[in-house]
Every structure is written in C-alpha cells, then in structure tokens.
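No value in this document is a laboratory result; all are computed from the given coordinates. Since the structure is predicted, the reported quantities are computational estimates derived from the model, not experimental observations. Cβ sites come from the backbone with ideal geometry, for glycine too, and all protein chains shown count toward neighbours.
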Amino acid sequence: MADELALDLEELRQLQKLAKRPRVLSLISSEIYNWEKISMKQSMIQPILVAEGACFCACSIPTPTPIATGVNVPSTSALNYVTLGSFSWDQDDDKVKIYVSLEGVEQEKIETDFKPMSFDVKFHNVQGKNYRCAIPKLNNKIVPEQCKVLVKPIRVIITLFKASKGNWLDLHFKEDKLKPNLDKEQDPMAGIMDIMKNMYEEGDDETKRNIAKAWSDARSGKAADPRSVAKALSKE
C-alpha cells in the first residue's frame, strides 16, 4: 500500500510539471496535498519493541489530533511572498471590504493575522507561488475577532469590521499634515512654517512658484517673518 501511494504521488508530481492551465495546476496541487497527508498518517504506524523481550509486535499508534493552524505550510520565515499591492475596496458604516484579484486560492491554505490597527493575510501555494496582502497601519481601529476572508473563484474578499462606526477617507493611516505642532518649547512660528512646507509639497506648480517667491522675498528682507510670507501668499 505504501509503495502504491508513493508511485501515485510521483506520477501526480510529474503531471504537475506538465500542466499549464491554472485551474488544472490548482486541482493537481490539491490532490498532491491530500495524498501527502495520507502518506504522513501511514508513516506513523510502526512496530514497537516489547520491554525485556526479543519479540516485536506491530501496533498501530493512534494518530494525534492535529491542531488547526489554518494552513499546512513550512515556517513563514522560510517562504518568499509576492506582495499584492493592487486591490479595490469599499465600505459602509460597520465594515470595510477589500477585493483582491487572485485565482486558485484554497481556503485551508490561507494564514491570517488581524490586529486592532493592521492586518496581514497570506495565501500559500497559489499556482506554485505564495502571496500576501497586508496594511501595517490602518486608517482606524478594527475588531480582529470579527474579521474574515472569503474565497471566490477568481478573487478573495477580506472583510474588516470597524471598531467604531464611521466613514474612512483611506485604508492607510495618514497624519493630519495641516495641523500645527503646538509644542510650547518650539518657536511659535514653527506651526506656520510646517503648514507652508506641506502646502509646497502638496501644491500645484503655481502654488509652488508663489511660495518660492514669497520665501525668497523673506530671505532678502522684503518680508520680515513667516506671517508676512503667508500674507503675501494670500494676495497671490
């Protein structure tokens, strides 16, 4: 039986090398995965030496109940992942849904890590590759215990449940760049300077020219301080 199983596995692996179509590859990979589990269980049945005797008896060792981990793969540190940076999303007051276009994903080969301000979802052995979709810092808090992943034929839907109802302007966390720094130990004009800097970085070409001109006037003495520069900008 063990020899037959080994031959079946070898033939399936040969077919996997020859297959080209994604769906065929997925089916063969799934079959190999199932047969490998059977082979692993059979290998655990072995003879046990009887104490103080020269005889052996073939005893079947009960298969231990596996601990569900969500995915049967090697250590994560040993795997390479392709980052899925392109996806779409929508939301309502209670949740956010992320749509990832990926065909051939198997539910039992997904590894998830949901945290209050982040998530990391890994897809293993998808047409011979490993993928991941992750956001290290979300726009707002979520409820990790309620979040889930749903596999569809040609895409995956990641559902994040919001910790508090409301609308998210973005998936990613973004600091309020226009909010002045109110640290009392800093120069009182630092907040104005921060705002001008961000206006320059995010403004169009005309805004950048006006800021550069006003700043040049300030450096040459035509404008006394940042407030004068801001006033000059308001007149442009």
In segment 3-19, anything touching a Leu at 6+ places or on another chain (Cβ under 8 Å) and aliphatic (A, V, I, L, M) is listed as 19
Based on this model, can you work out whether residue 103 counts as in a loop (DSSP other than H, G, I, E, B) and surrounded by fewer than 18 Cβ atoms within 10 Å (Cβ to Cβ)? yes
Output for Cβ contacts, cut-off 8 Å, separation at least six or different chains, first residue hydroxyl-bearing (Ser, Thr, Tyr) in segment 139-163, second not in a strand (DSSP E or B), reads 159/147
Quick check on segment 112-129. Is at least one of its residues surrounded by 16 or more Cβ atoms within 10 Å (Cβ to Cβ) and in contact with a His (Cβ under 7 Å, 6 or more places away or on another chain)? no
Scan segment 85-117 for residues that are more than 16 Å from residue 137 (Cα to Cα) and among the aliphatic types (A, V, I, L, M) and report the count. 4
